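Single-structure report; data block below.
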Amino acid sequence: MNLGLSFQRLISAPPERVFDALTNPAGQREFYGKDDPGWIVESRCDLRVGGVWSISFGPSCDALYHHRHVFEVLDRPSRILLASTETRLDGSNFDTTLEFTFAPRGASTLMTMAHSGFPNEELRDEHGIGVPHALDRLERMLERSWRPMSRSVLYMSMSLDGFIAGPDDGPGEGLGRGGEVLHAWLGEPSDRLPVFDPPGASGEVFNELMATGAVVVGRRTFDLAGRWGGDHHGVPIFVPTRGTPEPEPESDWVHYVTDGVESAMAQAKATAGDANVMVHGANLAQSCLRAGVLDELEIHLVPVLLGSGRPLFGELAQHADLELTRVLEAPGVTHLHFRVAA
């Protein structure tokens, strides 16, 4: 019988921060620490596959537990797999397997700790009492050192050949001929808010979109969408505008910005607070990349070749490196999340 434990904790920090906190000396002191006066934690970590993470901890130099972990898998920021040997105060020891995974949940991380291979129920139950306190300490450290910061995220549905609308998009046909297929993953609209309620992984991504605290949208996209009737999802909308007369705002939510995309983004982030900013529109995406104000991309990749239409990126004036941070597969679409490399 394989005796084991499993714990989950939703932590208000991105996976990279949680991963790094667990594997650096300050985080290890918290994880293995106590508030008791004189409690000792000594940690040495060779952070590589095959490297050894050694921790000695206890109430005094004469009474220390010793843990020796060997990294078998080290996949930042997603997973750590350790072969662990624990030495008790009486000198006895036992071997276990320890796995940590770090799954993004919006701006937070679902951290899972699975500990298996305990030789008896007594040792398993002892760890079952101590681990929640260790997770509490790690979480408090992250809360003290990190606060969520607004990120600009481009949300766009795109065909496999790179188009976000079919040919001849324009007034009355904003998605162009045949472009409706790019948004079929949303499901049928309803009369209730939110208008769409896609299931599964698509619902998770849609909920992230609806949790954004402001929108920056291209003028052409905004006009073709009927200016959303002056309201997208109850948050301020910033529309960079140049070369054409500034129209009268449709509502108090709408703000036309005439001094550049950088200004529009700064205003949107200031308004959004800790929430992310939704970015929408092909030309706007290109402008944001050129200006260095686009942080992330959420591309809803639809398995269809439109053959022609409006491309998302066209011919960019400069090279841009992207880091793939998440892949979510769902019926009719694959959601790809990228971070724009600094």
Matching residues in segment 1-27 - criterion: being free of Cβ contacts under 8 Å to residues at least 24 places away in the same chain and part of a loop (DSSP other than H, G, I, E, B): Met1, Asn24
Residues satisfying the stated conditions in segment 309-342, i.e. surrounded by fewer than 12 Cβ atoms within 10 Å (Cβ to Cβ) and not in a strand (DSSP E or B): Glu315, Leu316, Ala317, Gln318, His319, Asp321, Ala341, Ala342
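Yes/no matrix, rows are residues, columns are (1) outside any helix (DSSP H, G or I); (2) surrounded by fewer than 19 Cβ atoms within 10 Å (Cβ to Cβ); (3) modelled with pLDDT under 85:
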position: Val153; (1), (2), (3): yes, no, no
position: Pro167; (1), (2), (3): yes, yes, no
position: Arg192; (1), (2), (3): yes, yes, yes
position: Phe196; (1), (2), (3): yes, yes, yes
position: Ala201; (1), (2), (3): no, yes, no
Within segment 285-342, considering residues that are of a type in the set (Gly, Ala, Ser) and within 21 Å of the chain's Cα centre (by Cα), the one farthest from Arg76 (Cα to Cα): Ala285
Close pairs from segment 82-110: first closer than 30 Å to Ala275 by Cβ, partner of a type in the set (A, V, I, L, M, F, W, C) and exposed (fewer than 15 other Cβ atoms within 10 Å of the Cβ), Cβ under 9 Å, at least 6 apart: Arg105/Leu10; Gly106/Ala211; Ala107/Met149; Ala107/Ala211; Ser108/Leu10; Thr109/Leu10; Leu110/Leu10
Scope segment 28-54; condition out of contact with any Asp or Glu (no Cβ under 6 Å at 6 or more places or on another chain) and in a strand (DSSP E or B); matching residues: Ile40, Val41, Glu42, Ser43, Arg44, Cys45, Trp53, Ser54
Residues located in segment 107-124, provided they are under 15 Å from Pro77 (Cβ atoms) and of a type in the set (Gly, Ala, Ser): Ala107, Ser108
Residues that are surrounded by 21 or more Cβ atoms within 10 Å (Cβ to Cβ) and under 23 Å from the mean Cα position of the chain (by Cα), drawn from segment 207-236: Thr212, Ala214, Val215, Val216, Val217, His232
Search result, residues across segment 45-87 that are exposed (fewer than 12 other Cβ atoms within 10 Å of the Cβ), over 29 Å from the mean Cα position of the chain (by Cα) and of a type outside the set (A, V, I, L, M): Ser60, Cys61, Asp62
Filter result for Leu175 (aliphatic (A, V, I, L, M), in contact with a strand residue (DSSP E or B) (Cβ under 8 Å, 6 or more places away or on another chain) and either modelled with pLDDT under 90 or assigned to a loop (DSSP other than H, G, I, E, B) (or both)): yes
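The values are calculated or read from the model by the stated rules, or taken from the named source; none is laboratory data. Everything quoted here is computed from the prediction, not taken from an experiment. Please note: Cβ atoms are built from the backbone with ideal geometry, for glycine as well, and neighbour counts cover all protein chains shown.
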